[in-house]
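Just below is one structure, and these are the notes that go with it.
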Amino acid sequence: MTIAPNFQTAAIDPKKLDKLAAVAVKVGLGLEQGQDLVITAPIAALPLVRLITKHAYMAGAGIVSTFYADEEATLARYEHAPDASFDKAAGWLYEGMAKAYENGAARLAIAGDNPMMLSGQDPAKVARANKANSMAYKPALEKIANFDINWNIVSYPNPSWARQVFPDLSEDAAVAKLADAIFAASRVDLDDPIAAWALHNANLNTRSTWLNGERFSALHFTGPGTDLTVGLADDHEWHGGASTAKNGITCNPNIPTEEVFTTPHALKVEGTVSSTKPLSHQGTLIDDIQVRFEGGRIVEAKASKGEEVLSKVLDTDEGARRLGEVALVPHSSPISKSGILFYNTLFDENASCHIALGQCYSKCFLDGASLTQDEIKAKGGNASLIHIDWMIGSDKVDIDGIKPDGSRVPVMRKGEWA
Ligand code: ZN
Ligand code: ZN
């Protein structure tokens, strides 16, 4: 098997790929005249990187710098590196990225790695490498999580990812089908994607405005294997679609996006919840997750597949057992309707209501931009090295909003807005 990058794009519509690049720069980043841009990408995504770089310079970018990852090089580390390698990370690189963001650069990540790349590797080594990486990445990641800068993630139909999603198709057919799914979900199959995104952002804004007006103190999820009360953080704020970073630039961090989301209270989550889709976490598939919360903390966790990786994830740090995000997505979202399991959080989280373990988003608080880390913690915001979304919504899940006086308002019924 070869996973060498294929720089041919015969299976990928070049016009739509160009539209995706334009959407990433104009809608995703809102890149400003003179702003620098840092891109991270799998090397197979080179055709998209080149188009994004072109659109970025057309939008007036200062300097565009791209850092590539290569699957074969990553696997070579697991096969041949000395044991001590797995506690190391390229700290100098992440420090440089943090510095670039401090100096005003925007960040664009292209997703598309083979989600099962590390599935054959020793989970202990994977966990150590991930932890070392998370720690080194922290200063840069905080600037992203705290929304100091405008940032965006888009996806590229990497052949190794496409083969995972469509194992029965030839590589070209799989890439073509995944490309079409990415283009549809990213709204670049439409004549005027920029206008379509403006309309979509307005719709998501209507939902989050309604939820902000209701001021629920908790959400109650019920469904097969799920009876979960998610307390919401004090002064939480719902967000969805485009929002404005602390640098004043309005961007769409995720393309695609279908969710409205906010911050749960790290100490006020009770009950049991079952995942409704497998979670692909850095090369391992974790399936049929079932966890029980007490006082906001996961006290029991099991999974039919990948349980060992899940328990290592939960032991990353104290905040890894608590929630940092709760998000609502109707079951009829276009990604859900596609019926495709993408093995990629960016897509699968937008098919379904979800919760995330770990770090919260400070922007999901009233006046969040002015809050210190201690103030966020006091309001119930969680802190962790990780932020891992997993899917708990389906057409069998109901959600009630609970007001501070205990009264209930239907929010979703059978996976749709009530
Ligand atoms: Zn989310
Ligand atoms: Zn998330």
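For the range 323-346, give me the residue count where each residue is within 13 Å of ligand 1 (Cβ to nearest atom), surrounded by fewer than 22 Cβ atoms within 10 Å (Cβ to Cβ) and of a type in the set (D, E, K, R). Number of matching residues: 0. Whenever a residue of the range 144-168 is within 16 Å of GLY283 (Cα to Cα) and not assigned by TED's automatic domain parsing to the domain that holds ILE43, it has no partner that is crowded, with 24+ Cβ neighbours inside 10 Å and modelled with pLDDT under 95 lying with C-beta atoms less than 8 angstrom away and at least six residues away or across chains.
Across the range 289-322, the qualifying residues are those that are crowded, with 21+ Cβ neighbours inside 10 Å and not small (Gly, Ala, Ser), and the one among them that is farthest from ligand 1 (Cβ to nearest atom) is VAL309.
A Cβ distance below 6 Å, combined with a sequence gap of six or more or placement on separate chains, defines the contacts here; from the range 114-137, residues that are closer than 15 Å to LEU314 by Cβ reach residues that are crowded, with 17+ Cβ neighbours inside 10 Å in the pairs PRO123/VAL309; VAL126/LEU118; ALA127/LYS312; ASN130/GLN282; SER134/LEU385.
So that you can scan it fast, the table gives a plain yes or no per residue for (1) modelled with pLDDT of 95 or more; (2) of a type in the set (A, V, I, L, M); (3) outside any helix (DSSP H, G or I):
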| position | (1), (2), (3) |
| --- | --- |
| MET117 | no, yes, yes |
| GLY120 | no, no, yes |
| LYS125 | no, no, no |
| SER134 | no, no, no |
| ILE144 | no, yes, no |
| PHE147 | no, no, yes |
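Residues of the range 326-382 that are more than 16 Å from HIS239 (Cβ to Cβ), away from ligand 2 (no atom under 14 Å from the Cβ) and touching a strand residue (DSSP E or B) at 6+ places or on another chain (Cβ under 7 Å): PRO330, HIS331, SER332, TYR343, GLY380.
Beta carbons closer than 7 Å, at least 6 apart along the sequence or on distinct chains, pair a first residue in the range 345-363 that is in a helix (DSSP H, G or I) with a second that is among the hydroxyl-bearing types (Ser, Thr, Tyr) for LEU346/SER155; ASN350/THR257; ASN350/SER333; ALA351/SER333; ALA351/SER336; LYS363/SER243.
For the range 70-85, a tally of residues being surrounded by 15 or more Cβ atoms within 10 Å (Cβ to Cβ) and among the hydrophobic types (A, V, I, L, M, F, W, C) returns 1. Given the criteria within 16 Å of ligand 1 (Cβ to nearest atom), surrounded by fewer than 24 Cβ atoms within 10 Å (Cβ to Cβ) and either under 25 Å from ALA132 (Cβ atoms) or not acidic (Asp, Glu) (or both), does SER352 qualify? So SER352 does not fit the description; no. Taking the listed residues GLY96, GLY104, GLY60, the one that is in a loop (DSSP other than H, G, I, E, B), free of Cβ contacts under 8 Å to residues at least 40 places away in the same chain and surrounded by fewer than 20 Cβ atoms within 10 Å (Cβ to Cβ) is GLY60, with no other qualifying.
When residues in the range 291-324 are screened for being in contact with a helix residue (DSSP H, G or I) (Cβ under 8 Å, 6 or more places away or on another chain), in contact (Cβ under 8 Å) with a residue 60 or more places away in the chain and in a strand (DSSP E or B), 0 of them pass.
The values are calculated or read from the model by the stated rules, or taken from the named source; none is laboratory data. Computed from a predicted model, the values in this text were never measured in an experiment. Ideal geometry is used to build each Cβ from the backbone, glycine not excepted, and the neighbour counts take in all protein chains shown.
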